[in-house]
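Below is one structure, written out as structure tokens; comments come after it.
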């Protein structure tokens, strides 16, 4: 058997974890180093928390490097990236310089959670749901300096379920991405240029993106928001967090009139500084105040 291909893996979020585990478990590859973001304060108590990729790398016994700025600090790597054929970059969170992209002897490769050139950028899964797409998928691309604009090496499509949520779709695409990455790296790379004229872009989400207004938005729009933006950044109406919704009446749901005569049924809601509860429990609480 040929010597396993050496890989330096860059990733941070949970989306990258299945790819990392798949590479480690495949004898055709050896992960020499994992580069991930530094531990960050999380939650109200600002507890210093390692990123999901670091947790996975520690469980797998892999060497870890956590630079604050990879472009300024990559010379401090515990090994030379240049001696590895592949640099695998998945949901890392920093833009890489051309100097780094040129280091691997074969290619810097990225797994992106959309059918490029659609939804280039930081939030492709959320925006596919917000837009009401019927299908999406993953793209393995050869990286270039311009964000998500590199030649396509492979793609796989999946249908989006009628009540699909970010959490369910994220899990499906992360698993699909791992499968496609292994298939792609095991064969000679075939590049197909993206059609830049068909490119669409999606930005990094903020809390402002989760503010819903039933007076100006239809029930379908807000329902999509809830399925796309939970758990982050979450969807709120009048400072109450909307956790689950439906477009058909349910026994414990709170009915909210929306734009164009549509009706939204809130099945789970969390009032400001309160605990999650059913829509009807929330309505009963308002009547007693």
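The numbers here are math on the coordinates, done by the rules we state, and not lab data. Only a predicted model underlies this, so the values are computations on that prediction, with no experimental measurement involved. Cβ coordinates were reconstructed from backbone atoms using ideal geometry, including for glycine residues, and neighbour counts include every protein chain displayed.
Looking only at the stretch 5-202, where both bridge partners belong to it, what percent of the DSSP beta bridges are antiparallel (to the nearest 5)? Bridges in the stretch 5-202 that DSSP calls antiparallel: roughly 45 percent. Would you mind telling me which residue in 46, 37, 194 has the biggest mean-square fluctuation in a Gaussian network model of the chain, where springs connect alpha carbons within a distance under 10 angstrom? Top of the fluctuation ranking is 46. What the Cβ-Cβ distance of residue 94 and residue 255 gives, at R0 = 45 Å and to the nearest 0.05, is a FRET efficiency of 0.50. At a Förster radius of 30 Å, what calculated FRET efficiency corresponds to the Cβ-Cβ distance of residue 106 and residue 21, to the nearest 0.05? The formula returns an efficiency of 0.85 here. If each of residue 198 and residue 272 carries a label point 7 Å out from its Cα toward its Cβ, how far apart are those two points in nm? Distance between the two pseudo-spin positions: 4.6 nm. Normalised by the number of residues in the chain, the mean separation of alpha-carbon contacts (under 8 Å, six or more apart) gives a relative contact order of 13 percent.
Three principal axis extents of the stretch 240-289 based on alpha-carbon atoms, in descending order, are 31, 20, 20 Å. Taking 174, 186, 253 in turn, the Gaussian network model of the chain (Cα-Cα springs below 10 Å) assigns the largest fluctuation to 186. Extension gain for the segment residue 283 to residue 133, taken as residue separation times 0.36 nm less the Cα-Cα distance, is 50.7 nm to one decimal. With a 10 Å cut-off between alpha carbons and a GNM built on the chain, which of 19, 258, 84 moves the most? Of 19, 258, 84, the Gaussian network model singles out 258 as fluctuating most. Summed over qualifying helices (DSSP H, 4 residues or more, each -39500 (n - 2.57)) and divided by its residue number, the chain shows a 222 nm mean residue ellipticity of -7000 deg cm²/dmol.
Each principal axis of the chain carries a Cα extent, and these read 70, 43, 33 Å when sorted largest first. Given axes a ≥ b ≥ c from the Cα gyration tensor, I'd like to know whether the stretch 210-279 is rounded (a/c under 1.5), prolate (a/b larger than b/c) or oblate. It comes out oblate by the Cα gyration axes. If R0 is taken as 30 Å, the Cβ-Cβ distance between residue 64 and residue 239 corresponds to a FRET efficiency of 0.15.
Based on the Stokes-Einstein relation at 25 °C and a viscosity of 0.890 mPa s, and on the Kirkwood radius from alpha carbon pairs, the stretch 139-289 is assigned a translational diffusion coefficient of 135 µm²/s.
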